[in-house]
Amino acid sequence: MSLQDLYANYHARVQFLVIYIREAHPVDGWWLGGGLPGLMLKAMGSQAATDVYDPTTMEERRVVAGHCETVLRYGIRTYVDEIEDGVNKAYAALPTRLYLIGVDGRIVYAGDWGRLDSSQHNWGEPSRIILHERKPPRLSERNQPGPRRSRFRFDISPSKTH
Amino acid sequence: MPSIIQHWKKSKAWQRQHDALAPKPGDVAPAFELRDVNGENPIRLSDFRGQKPVALIFGSFT
């Protein structure tokens, strides 16, 4: 299941936020656009750009983020990290990363670094978490005997269905 | 001008440094407030607490 599929199916139940952070492989950094890496990227059909310099101002960063949003067409509004990389650092997000956060504000899933671009993330586990999302129990149900509930408002047990 | 290998080492060092401090399942998600690509529509993570789960997808163009 792709990110676009996840969003199409679950955006009413889950708030998706794409956050643009510092460029991972800009021309003026760890560039993968030349030589064999560049050829491999093209052969793999990656949508990652290979001609972008790392923005040095917030205005430049917003322009590149807007271009990225237009080209990658996730259909999800993109938000832009500040030039000091505060959110990127807080979540160790570079180069790509996925988190799911429960309604209680706690991390439910922390994805590993992605490869090349977000379309190549392993969406399997986050998909299962979202598929098994459940509402918190009613107050009248909370002290009833039964299976142990997840401490989160996502139920990550693959055996549960709703 | 730094070589690609120097950039690679720098990136890996950054990842090692920050990954150790990254939030893990069960941790409270770090708060933030960001704006969209036009510098508009400010959004805070706390806007969704008690309302909806949130999927954060971090990435760049390269």
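Residues of region A:1-11 that are open to solvent by less than 80 Å² (accessible area, probe 1.4 Å) and in a loop (DSSP other than H, G, I, E, B): A:Ser2 alone.
This table checks each residue for (1) in contact with a Pro (Cβ under 7 Å, 6 or more places away or on another chain); (2) over 20 Å from A:Tyr53 (Cα atoms); (3) open to solvent by 30 Å² or more (accessible area, probe 1.4 Å); (4) of a type outside the set (Val, Ile, Thr).
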{"residue": "B:Arg16", "(1), (2), (3), (4)": "no, yes, yes, yes"}
{"residue": "B:Val28", "(1), (2), (3), (4)": "no, yes, yes, no"}
{"residue": "B:Phe32", "(1), (2), (3), (4)": "no, yes, no, yes"}
{"residue": "B:Phe58", "(1), (2), (3), (4)": "no, no, no, yes"}
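Tell me yes or no: at least one residue of region A:41-58 is over 15 Å from B:Ile57 (Cβ atoms), more than 7 Å from chain B (Cβ to nearest Cβ), modelled with pLDDT of 90 or more and open to solvent by 30 Å² or more (accessible area, probe 1.4 Å). Taking every residue of region A:41-58 in turn, at least one turns out to be over 15 Å from B:Ile57 (Cβ atoms), more than 7 Å from chain B (Cβ to nearest Cβ), modelled with pLDDT of 90 or more and open to solvent by 30 Å² or more (accessible area, probe 1.4 Å). All but one of (1) modelled with pLDDT under 85; (2) within 7 Å of chain A (Cβ to nearest Cβ) hold for B:Leu56; state the number of the condition that does not hold. Only one criterion in (1) modelled with pLDDT under 85; (2) within 7 Å of chain A (Cβ to nearest Cβ) is unmet by B:Leu56, namely (1).
For region B:27-55, how many residues meet the condition of being out of contact with any strand residue (DSSP E or B) (no Cβ under 8 Å at 6 or more places or on another chain) and either under 17 Å from A:Asn88 (Cα atoms) or outside any loop (DSSP other than H, G, I, E, B) (or both)? Looking only at that region, the number is 3.
Cβ separations smaller than 7 Å between residues 6+ apart or across chains give the following pairs from region B:33-45 residues that are facing another protein chain (nearest Cβ under 7 Å) and at pLDDT 95 or above to residues that are open to solvent by 100 Å² or more (accessible area, probe 1.4 Å) and outside any strand (DSSP E or B): B:Asp36/A:Arg77. When region A:65-101 is limited to residues that are surrounded by fewer than 20 Cβ atoms within 10 Å (Cβ to Cβ) and of a type in the set (Gly, Ala, Ser), the one that is farthest from the other protein chains (Cβ to nearest Cβ) turns out to be A:Gly75. For region B:1-14, give me each residue that is open to solvent by 30 Å² or more (accessible area, probe 1.4 Å) and either of a type outside the set (Phe, Trp, Tyr) or in contact with a Phe, Trp or Tyr (Cβ under 6 Å, 6 or more places away or on another chain) (or both). Scanning region B:1-14 gives B:Met1, B:Pro2, B:Ser3, B:Ile4, B:Ile5, B:Gln6, B:His7, B:Trp8, B:Lys9, B:Lys10, B:Lys12, B:Ala13. Scanning region A:2-36 for residues that are within 23 Å of A:Ala49 (Cα to Cα), aliphatic (A, V, I, L, M) and more than 7 Å from chain B (Cβ to nearest Cβ) returns A:Val27, A:Leu32, A:Leu36.
The values are calculated or read from the model by the stated rules, or taken from the named source; none is laboratory data. These figures come from a predicted structure and were not determined experimentally. As a convention, Cβ positions derive from the backbone with ideal geometry for all residues, glycine included, and neighbour counts pool all protein chains shown. Each accessible area value is taken on the protein alone, full model and side chains, heavy atoms only, with ligands, DNA and RNA left out. Shrake-Rupley method; radii C 1.70, N 1.55, O 1.52, S 1.80 Å.
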